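Some notes on the structure that comes next.
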Amino acid sequence: MFYLSKKQLKEEELPAGHRSPDWPSRLAQLAEQARNPSLKAFYEAGVVAANTPISEVPLVAMDFETTGIDASRDEIVSIGLVSMSLERIRMSESQHWILKPRADLRDESVVIHGITHSEVESAPDLTRIREQLLETLAGRVVVVHHKGIERKFLDAALKRRIGEGIEFPCIDTMELEARLHRRKPSGLIDKLFGQKPRVSIRLPESRERYHLPHYPAHNALTDALSCAELLQAQVAHRFSPDTPVSTLWS
Amino acid sequence: MQAEHLEIMDFLRRYPPFNELPEEALGRVAANIDVSYFKAGTQILEFDQEVDAWYVIRSGAVEVYRRNGDLYNRLSEGGYFGEFGLLRENRVRFPIVALEDTLAYLIPAPIFKELFEQYENFADFVEVEDRSRLRQTVARREDANELLTSSIEVLIGRAPVTIETGSTVREAAIRMSDEGVSSLLIVHPSGSDQANVSCMAGMITDRDLRNRVVAKGLSYDTPVTQIMTAELIHAEHNQLVFEAMLAMLQHNVHHLPILKHGTPVGVIALSDIIRYESQNSLFVVSRIFRANSVEELSTLEGEVRSCFSRMVHEDANSKMIGRAMAVIGRSFKQRLLELAEEKLGPPPVPYCFLALGSMARQEQLIVTDQDNALVLDNSFDPMKHDAYFLQLAQFVSDGLAACGYTYCKGEIMATTPKWRQPLRVWERYFDEWIDEPTPQTLLNSFIFFDLDGVWGKTEWADHLSRYIANKAQHNSRFLACMARNALLRTPPLGFFKEFVMEPSGQQTQSIDMKRRGTAPLADLIRVHALAVGSVARNSFDRLQDVIEADILPQGRGQDLRDALEFISMVRIRHQALDLDAGQKPDNKIEPENLSDFERKNLKDAFQILSSAQKFIKYRYQASRIG
């Protein structure tokens, strides 16, 4: 008989690899260690307790466009930020920066995000907006689609500039989708009846599943908005306003 | 750095009323929007909840409910809601539920109000427009009925601000600023020759100053008479609020002077009254005039029906409903004639298109056929011109049929050669019918003497009405014949004892409220109206003239009015019930569908009709009149 035991199902709701970090303690600890004053201030702002209902958590959706995908070499060329709560995404509290990367703007990335050499030529370095960026993020949980990019790139970019990296609590909408669609390795049944196409957890396809409208991709601000809306939809369909933030963050 | 919300702006730009906003206003809206996602089934707004934003649907669909829980409207992408609440006390008037997963853009109240005040087109659109809505939205208000039945006088806030014809544009502008008004009436100086005819010479509005003076670069010393609108659409002080609004909409004017005995007593602006008005029929009329083909017009049939249903549910009275349906019918004809002229070219000689019967009386309901005719210029030459008018008549008649107005079984349509004649032939018809009535011409008189000009030389229709009134009033034999014919259809009094039903048709257990109720009432009121020389067409208006002429026994006129209202409303409500139940509406009611209350009142109403018929028999005996 092929069936999944109750235990197996339970585990698959929170896939292997998902552990809910204790962000309040971690940030307090980092605040002790941080040397850069604006970074220290960022950590000191802390974050809500792990059991806080998601509806009460101050959030900010963030998206980066980059010169490539290798955080150790590539740089951020634009940042989109949109403040939000579970209930409302506030465009009046949104920001969009074009930045001058220290790495070269490669032609193939220009094709993707449409930011050109001449545009970045006159743009500021990340250092110039660092404080403002950290202030906006302070006290909030950051909402991203694929934390691998935003987390690693900001960490690396800061290391290059102030000699210190950064950690911050994230809700990753891609990871929330992965929990639903990547929860089991294909088993015998799938192999027998399978060839079921792998469900895409990319941002546009994920949005489609929640009947969110199509947005043109690769503008950091639009992508941040896109991701913000996806989180609202995910919580509306799969969680509840009372879901503790620790279920979602990582 | 000010973020640019390209995606949001691109979306907004696609939909009215945003498409007419300047780019910077659009940018400001986009930069201040809140976004919310609602899963299908979520209650988005609850009744009386505080509302702090105007909702625009980015994707998905919602349902709009009435306070009582009835489904009222469905909106989809580009649709919007919450404006009724924002324009009143920031409380939700219509609960909203997400029908599908819905993403909404929320425009904060201060931004919405800013747009509303700053951009006239935006305000007009939000108030009157419905383009993106699957069905129209309407303000369901507790006092809607009262306001809809109120005369326009109740809305006059102040005496009109006026200036004399000799003034300059600058003086006019100063006066408008001083008085804080957006429109100014231009009057003839008292004592002048024109003032004896009508003291009102014209009107100017803020918009005129902008468009006709500043934009044209005219001198501020230009005489105000040079830029004013001279031929004014106006309303009488005792007209219904509702009629005034329809007039404004139909003629596309935003300011309407109100006259009392020829003297202006006030000016009302569309925006003044729109918030007091249920927007029902206005939407339909505005859509009729925007339709560009018969096919497009024919898609509005359902809207006409929902408009009818809504008015019934909102407790509109029979006069309002009859008028609204008549205005809608009239608008269909007008638009069809415009389209016909576009297709066939301008008419070879002037003409007037007539509506007859219930539409002319403004007592049209939902089940109605088309009675119409053409009055042509006396220079009409059948050999040369008739081919054109036949095509015109055919176009309109087929168009009306496509829009749900069935062909007249009695061929009383402009497609019939006999009813497509020059003015002098019509006069001759009416002479014959009045001087030498025969059973057939009497039937004609019943239909044709309720006539209304809907297009072209409508003054000919007024002329014919007066012609009939003058001639019939003094012809006692004709009146006696009309009276006798008015008795042919009797009220079903036996109905309440042994259930006398209509023997014909499928519904053996039913009674025809038109044939046995409203029609004989309209018939006998017509006889009285002809006898007192009334040129009114609506039965209630005719009755008022009859009451004022004092030819009825004390109190009988009022009784008749109540009877007509009650029977009409039973008929109307019954049709609305049929529509709601998805059945084909008709004029028949089944006794078991009547409440005790209705049954008792109907009995009284039919008694009144019966005694009024007895009275008419006595009143118009040929020998007694002289």
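The values are calculated or read from the model by the stated rules, or taken from the named source; none is laboratory data. In this text the structure is predicted, and so the values were computed from the model without any measurement. Cβ sites come from the backbone with ideal geometry, for glycine too, and all protein chains shown count toward neighbours.
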What are the residues in the range B:315-360 that are surrounded by fewer than 19 Cβ atoms within 10 Å (Cβ to Cβ) and among the charged types (D, E, K, R), if any?
B:Asp315, B:Glu338, B:Glu341, B:Glu342, B:Lys343
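For B:Ile288, are the conditions met, namely being outside the structural domain of B:Tyr72 (by TED's automatic domain parsing), part of a strand (DSSP E or B), at negative phi and modelled with pLDDT of 75 or more?
Details: outside the structural domain of B:Tyr72 (by TED's automatic domain parsing): yes; part of a strand (DSSP E or B): no; at negative phi: yes; modelled with pLDDT of 75 or more: yes.
Taking the combined requirement at face value, the residue does not satisfy it.
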Return the residues of the range B:296-319 that are more than 13 Å from the chain's Cα centre (by Cα), of a type outside the set (Gly, Ala, Ser) and farther than 20 Å from B:Ala581 by Cα; say none if nothing qualifies.
B:Glu296, B:Leu297, B:Thr299, B:Asn317
Can you spot a residue in the range A:141-154 that is assigned to a strand (DSSP E or B), within 14 Å of chain B (Cβ to nearest Cβ) and modelled with pLDDT of 95 or more?
yes
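Using the structure shown, decide if B:Met383 is free of Cβ contacts under 8 Å to residues at least 12 places away in the same chain and at negative phi.
Yes, satisfied.
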Do any residues in the range A:55-81 that are crowded, with 22+ Cβ neighbours inside 10 Å have Cβ atoms under 6 Å from those of residues that are aromatic (Phe, Trp, Tyr) and in a strand (DSSP E or B), where the two are at least six apart or on different chains, and which pairs are they?
A:Ile76/A:Phe64; A:Ile79/A:Phe64; A:Ile79/A:Trp97
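Would you check if A:Ile171 is under 18 Å from A:Arg88 (Cβ atoms), more than 10 Å from chain B (Cβ to nearest Cβ) and either surrounded by 17 or more Cβ atoms within 10 Å (Cβ to Cβ) or modelled with pLDDT of 95 or more (or both)?
On the way: under 18 Å from A:Arg88 (Cβ atoms): yes; more than 10 Å from chain B (Cβ to nearest Cβ): yes; either surrounded by 17 or more Cβ atoms within 10 Å (Cβ to Cβ) or modelled with pLDDT of 95 or more (or both): yes.
Criteria met by A:Ile171.
Could you say whether any residue in the range B:42-51 is within 33 Å of the chain's Cα centre (by Cα), touching a residue at least 40 places away in the same chain (Cβ under 8 Å) and loosely packed, with under 15 Cβ neighbours inside 10 Å? Don't jump to the end; show me each part of the working.
Let us first name the residues in the range B:42-51 that are within 33 Å of the chain's Cα centre (by Cα), namely B:45-48, B:51.
Next, from what is left, pick out any that are touching a residue at least 40 places away in the same chain (Cβ under 8 Å): B:45-48, B:51.
Those left that are additionally loosely packed, with under 15 Cβ neighbours inside 10 Å: B:46, B:48.
For the range B:42-51, residues within 33 Å of the chain's Cα centre (by Cα), touching a residue at least 40 places away in the same chain (Cβ under 8 Å) and loosely packed, with under 15 Cβ neighbours inside 10 Å: present.
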Of those in the range A:215-230 that are more than 9 Å from chain B (Cβ to nearest Cβ) and of a type outside the set (Asp, Glu), the residue nearest to A:Leu137 (Cα to Cα) is A:Ala224
Give the residues of the range B:136-165 that are out of contact with any helix residue (DSSP H, G or I) (no Cβ under 8 Å at 6 or more places or on another chain) and either farther than 30 Å from B:Ser76 by Cβ or modelled with pLDDT of 90 or more (or both), sorted by residue number.
B:Asp143, B:Asn145, B:Glu146, B:Glu153, B:Ile156, B:Arg158, B:Ala159, B:Pro160, B:Thr162, B:Glu164
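Within the range B:550-563, does at least one residue satisfy the condition of being crowded, with 16+ Cβ neighbours inside 10 Å, acidic (Asp, Glu), within 22 Å of B:Lys471 (Cα to Cα) and out of contact with any strand residue (DSSP E or B) (no Cβ under 7 Å at 6 or more places or on another chain)?
At the first step, the residues of the range B:550-563 found to be crowded, with 16+ Cβ neighbours inside 10 Å are B:552, B:556-557, B:559-561, B:563.
From the residues that got through so far, the ones that are acidic (Asp, Glu) too are B:559.
Checking the rest, the ones that are also within 22 Å of B:Lys471 (Cα to Cα) come to none.
Looking through the range B:550-563, none of the residues is crowded, with 16+ Cβ neighbours inside 10 Å, acidic (Asp, Glu), within 22 Å of B:Lys471 (Cα to Cα) and out of contact with any strand residue (DSSP E or B) (no Cβ under 7 Å at 6 or more places or on another chain).
Scan the range B:503-532 for residues that are part of a loop (DSSP other than H, G, I, E, B) and at pLDDT below 90 and jot them down. Explain how you work it out, then say what you get.
Taking the range B:503-532 first, the residues part of a loop (DSSP other than H, G, I, E, B) are B:503-510, B:513, B:532.
B:Pro503, B:Ser504, B:Gly505, B:Gln506, B:Gln507, B:Thr508, B:Gln509, B:Ser510, B:Met513, listed by residue number.
Pull up the range A:74-98, narrow it to residues that are assigned to a loop (DSSP other than H, G, I, E, B) and farther than 11 Å from A:Phe153 by Cβ, then point me to the one that is nearest to the other protein chains (Cβ to nearest Cβ). Spell out how you get there, then give the answer.
Here is the first cut: in the range A:74-98, the ones assigned to a loop (DSSP other than H, G, I, E, B) are A:74-75, A:85-88.
Then keep just the ones that are farther than 11 Å from A:Phe153 by Cβ; that gives A:85-88.
Working: A:Ser85: 10, A:Leu86: 9, A:Glu87: 6, A:Arg88: 4 Å.
Selected residue: A:Arg88.
If I ask for residues that are among the hydroxyl-bearing types (Ser, Thr, Tyr) and under 26 Å from B:Lys343 (Cβ atoms), which ones from the range B:385-434 would you list? Give the steps one after another, and end with the answer.
Narrowing the range B:385-434 to residues among the hydroxyl-bearing types (Ser, Thr, Tyr): B:388, B:397, B:405-407, B:415-416, B:429.
Passing the criteria: B:Tyr388, B:Ser397, B:Tyr405, B:Thr406, B:Tyr407, B:Thr415, B:Thr416.
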All positions within the range B:560-586 that are more than 23 Å from the chain's Cα centre (by Cα) and closer than 14 Å to B:Ser539 by Cβ:
B:Leu560, B:Ala563
Which of (1) farther than 24 Å from B:Lys319 by Cβ; (2) assigned to a strand (DSSP E or B); (3) among the small types (Gly, Ala, Ser) does B:Gly453 not meet, given it meets every other one?
(1)
